[in-house]
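**Q** Pasting a structure below so you can have a look.
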Amino acid sequence: LKGIPPAGTGLETLLRVSDAPIRAEAEVVREADRFLTSDSDPSQEAAVFEARRGPGLVVEGPPGTGKSQTIVNMVADAIGRQRSLLVVCQKQAALDVVYKRLEAEGLADRIIMITDVNRDREPTVRAIREQLEAIWSTAHLRHQMWRQTRTQIAARIESVEAELDQHQARSEEHTSELQSHHD
């Protein structure tokens, strides 16, 4: 590791060896490109989408601030975009919390949890084989149906949002007209 520069890697993020990146304006992510499974606030969603851009992201904060919930959404987002994601926690208890939340979201069968590299080697390889076999056996049809349903729902959400935007614009126009008549 000494010979490999950390620039452009998750290690750079973890060690904070470079200046904090200048944040671009928040990008608008289409509904069809959102793969969040847990409720989230705008800052949590921004963290999920920020994780897409860089080689790593450190999520930290005091207890009860939504770190585990945000990490679950990052995992779901990575799965939905057919990417992999490594979650590393300083304490086993934190990993357990994240894993339990992933189980509650129905994602446990897509997760490999390694707590001891030597002891977990054989079960990990077996779990990966089982996952791949299960995915290959039925995933193609399920995946097509899931994508189609998801695309339809996303289009409906975007349509309703556009309608709401139109109603709001009309309401603002009406309020403006009333203001000008009143003046």
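**Q** Give the residue list of GluC sites (Glu not before Pro) in segment 37-110 that are DSSP loop and have at most 10 other beta-carbon atoms within 10 angstrom.
**A** Passing sites in segment 37-110 are Glu60.
**Q** At 1.4 Å probe size, with the rest of the protein present, what percent of the exposed accessible area of segment 79-181 is carbon and sulfur atoms?
**A** Its accessible area is 54 percent carbon and sulfur atoms.
**Q** Could you list the trypsin sites (Lys or Arg not before Pro) in segment 27-122 that lie in coil according to DSSP, counting only those with at most 13 other Cβ atoms within 10 Å of their Cβ?
**A** For trypsin sites (Lys or Arg not before Pro) across segment 27-122 that sit outside H, G, I, E and B with at most 13 neighbouring Cβ atoms in 10 Å, the list reads Arg30, Arg81, Arg83, Lys91, Arg119.
**Q** Averaging over all projection directions, find the projected area of the Cα convex hull of segment 110-183 and quote it in nm² with one decimal place. List each step's numbers first, then the result.
**A** Numbers: hull surface 36.0 nm².
The directionally averaged projection comes out at 9.0 nm².
**Q** Please say if segment 140-179 is rounded, prolate or oblate, where rounded means a/c under 1.5 for a ≥ b ≥ c the square roots of the C-alpha gyration tensor eigenvalues, and otherwise the choice is prolate for a/b larger than b/c and oblate otherwise?
**A** Cα axes put segment 140-179 in the prolate bin.
**Q** Next question, about the same structure. To check my understanding: the extent here is largest minus smallest coordinate of the Cα atoms along each principal axis. What are those three numbers for segment 49-183, in Å, largest first?
**A** Over segment 49-183, Cα extents along the principal axes are 78, 42, 27 Å.
**Q** Among Thr175, Ala94, Ile128, whose Cα lies farthest out toward the positive end of the dipole of segment 37-183, if unit charges sit on the beta carbon of Lys, Arg (+1) and Asp, Glu (-1)?
**A** Ile128
The values are calculated or read from the model by the stated rules, or taken from the named source; none is laboratory data. Since the structure is predicted, the reported quantities are computational estimates derived from the model, not experimental observations. Note: ideal-geometry Cβ built from the backbone for every residue, glycine included; neighbour counts use all protein chains shown. Accessible surface areas use protein heavy atoms only, side chains included; no ligands, DNA or RNA. Shrake-Rupley method; radii C 1.70, N 1.55, O 1.52, S 1.80 Å.
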